[in-house]
Amino acid sequence: MTTAAASDDQGLVIAGKSLGTRLILGTGGVQSLEVLDSIVDASGATIATVAIRRVDPSARGSLLDVLHDRGVSVLPNTAGCFTAAEAVMTAQLAREAFATDWVKLEVIGDEDTLLPDPVELLDAAEQLCDAGFVVLPYTTDDPVLARRLEQTGCAAVMPLGAPIGSGLGIRNPHNIELVAEAVSVPVILDAGIGTASDAALAIELGCDGVLVASAITRSRHPERMAAAMRRAVESGYLARSSGRIPRRWHAQASSPAEGMPSFTA
Amino acid sequence: MTDVVVTVNGEKRPVPSGTTVADMVAITAPSRGGSDRGIAVAVNREVIPRGTWGSVRLTGGETVEIVTAVAGGC
């Protein structure tokens, strides 16, 4: 590598599709379509997740129009699903609605933690992979489960850093490293990001990408935070690919000991 | 034409027998100006492909879900 520019990074490649960025935008918590438009622009995201809900007859404007106008692909999720059956049904509806085979698979175990239910998740992933979906499962930071999801045919795995919306950062960096090591499909850190340094850390730990929703949408200045996240993933990648210095217990002088002038009397 | 009752997005509503899925979409999502982009329909837990909305008729008792994208999830 002869250049230090971040532009030499091709970004995430999932199922053969190059996203040109390592940041995926989640739309959860976004306050208005105007804010959505500004954070899409500032984040540089080329793909954004959406949830599937009943049509609201009184809804004005469409987030699909905003995403379409910005050239951003829709990644439907199965947010709110507690069983494999619900998630599979939701994915099928999404495929029909948006003409995409891609699905961000979420199967939640309980309301308090919103942690994934691994049994239902694996079941849903198997069914959806068999049905030809490109499956991106939201999963725990368990390298064994990540490997099982990869073996099932998932196009990526999306381990959590901390519970959804908690902003607690990456609670178990070691496990995230283990997940990154365990699978050959892209690893995208999902959930738990609180601020830009968390996103940079995720990439430094070996993740290929980061999904950020609440940390941007619920921040005081979403557009600024979106710009921060964009730079964070770029910085994380530059740092990781630069080869960090080893950690040392004691200091290591950075100036030569030779040639020191003598001031002793 | 006799009215029958179907459940649309959780609400029971009377519709003329023979109402098509396309009709139901037009009634339920009127603000979309005829655009059905980003909408999907399930009748009795079965996804109805867009191309057949005009020919699938409701005869009463069906559970219809008409969905679209909203901001949400991560």
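The values are calculated or read from the model by the stated rules, or taken from the named source; none is laboratory data. A quick note: this is a predicted structure, and the numbers were derived from the prediction, not measured. Here the Cβ is made from the backbone with ideal geometry for all residues, glycine too, and neighbour counts use every protein chain on show. Ligands, DNA and RNA are excluded from the accessible area calculation, which covers all protein heavy atoms including side chains. Shrake-Rupley method; radii C 1.70, N 1.55, O 1.52, S 1.80 Å.
If you take just the strands (runs of 3 or more DSSP E) that sit entirely in chain B, which of them hold at least 1 residues that are away from chain A (no Cβ under 11 Å), touching a residue at least 12 places away in the same chain (Cβ under 8 Å) and surrounded by fewer than 17 Cβ atoms within 10 Å (Cβ to Cβ)?
By residue number, B:3-8, B:11-16, B:63-70.
Can you spot a residue in the range A:218-227 that is touching a Gly at 6+ places or on another chain (Cβ under 7 Å) and among the aliphatic types (A, V, I, L, M)?
No: the range A:218-227 contains no residue that is touching a Gly at 6+ places or on another chain (Cβ under 7 Å) and among the aliphatic types (A, V, I, L, M).
Return only the number of the condition from (1) within 14 Å of another protein chain (Cβ to nearest Cβ); (2) among the β-branched types (V, I, T); (3) touching a Cys at 6+ places or on another chain (Cβ under 6 Å) that A:V187 does not satisfy.
That leaves (1) as the condition not met.
Taking A:L93 as meeting all but one of (1) hydrophobic (A, V, I, L, M, F, W, C); (2) free of Cβ contacts under 8 Å to residues at least 40 places away in the same chain; (3) in contact with a strand residue (DSSP E or B) (Cβ under 8 Å, 6 or more places away or on another chain), write down the number of the exception.
Result: A:L93 passes all but (2).
What pairs can you find where one residue is in the range A:196-224 and closer than 18 Å to A:A156 by Cα and away from chain B (no Cβ under 14 Å), the other is open to solvent by 20 Å² or more (accessible area, probe 1.4 Å) and assigned to a strand (DSSP E or B), and their Cβ atoms are less than 9 Å apart, with a gap of 6+ or different chains?
Correct list of pairs: A:D208/A:V13.
For every residue, the table says whether it meets (1) among the hydroxyl-bearing types (S, T, Y); (2) under 16 Å from the mean Cα position of the chain (by Cα).
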| position | (1), (2) |
| --- | --- |
| A:S38 | yes, no |
| A:L67 | no, no |
| A:P76 | no, yes |
| A:V103 | no, yes |
| A:D117 | no, no |
| A:Q127 | no, no |
| A:D130 | no, no |
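If you go through the range A:51-61 one residue at a time, do you hit one that is farther than 14 Å from B:G38 by Cα and more than 8 Å from chain B (Cβ to nearest Cβ)?
no
Does the range A:2-21 contain any residue that is surrounded by fewer than 16 Cβ atoms within 10 Å (Cβ to Cβ), in contact with a helix residue (DSSP H, G or I) (Cβ under 8 Å, 6 or more places away or on another chain), aliphatic (A, V, I, L, M) and at the interface with chain B (Cβ under 8 Å from one of its Cβ atoms)?
No, the range A:2-21 has no match at all.
For the range A:198-212, name all the residues that are surrounded by fewer than 24 Cβ atoms within 10 Å (Cβ to Cβ) and either assigned to a loop (DSSP other than H, G, I, E, B) or of a type in the set (D, E) (or both).
A:D198, A:E204, A:L205, A:G206, A:D208
Just to verify a result, which residue in the range A:83-92, among those that are over 10 Å from A:E106 (Cβ atoms) and open to solvent by 10 Å² or more (accessible area, probe 1.4 Å), is nearest to the other protein chains (Cβ to nearest Cβ)?
A:Q92
Counting only residues that are open to solvent by less than 20 Å² (accessible area, probe 1.4 Å) and at the interface with another protein chain (Cβ under 8 Å from one of its Cβ atoms), how many does the range A:93-108 have?
Summing the residues that are open to solvent by less than 20 Å² (accessible area, probe 1.4 Å) and at the interface with another protein chain (Cβ under 8 Å from one of its Cβ atoms) in the range A:93-108 gives 5.
Considering only the range A:54-143, give the strands (runs of 3 or more DSSP E) lying wholly within it that have at least 2 residues that are more than 19 Å from A:L36 (Cβ to Cβ).
A:102-105, A:134-139
I'd like the full set of residues that are in contact with a strand residue (DSSP E or B) (Cβ under 8 Å, 6 or more places away or on another chain) and of a type in the set (G, A, S), limited to the range A:175-204.
A:A180, A:A191, A:A199, A:A202 - these are the residues of the range A:175-204 that are in contact with a strand residue (DSSP E or B) (Cβ under 8 Å, 6 or more places away or on another chain) and of a type in the set (G, A, S).
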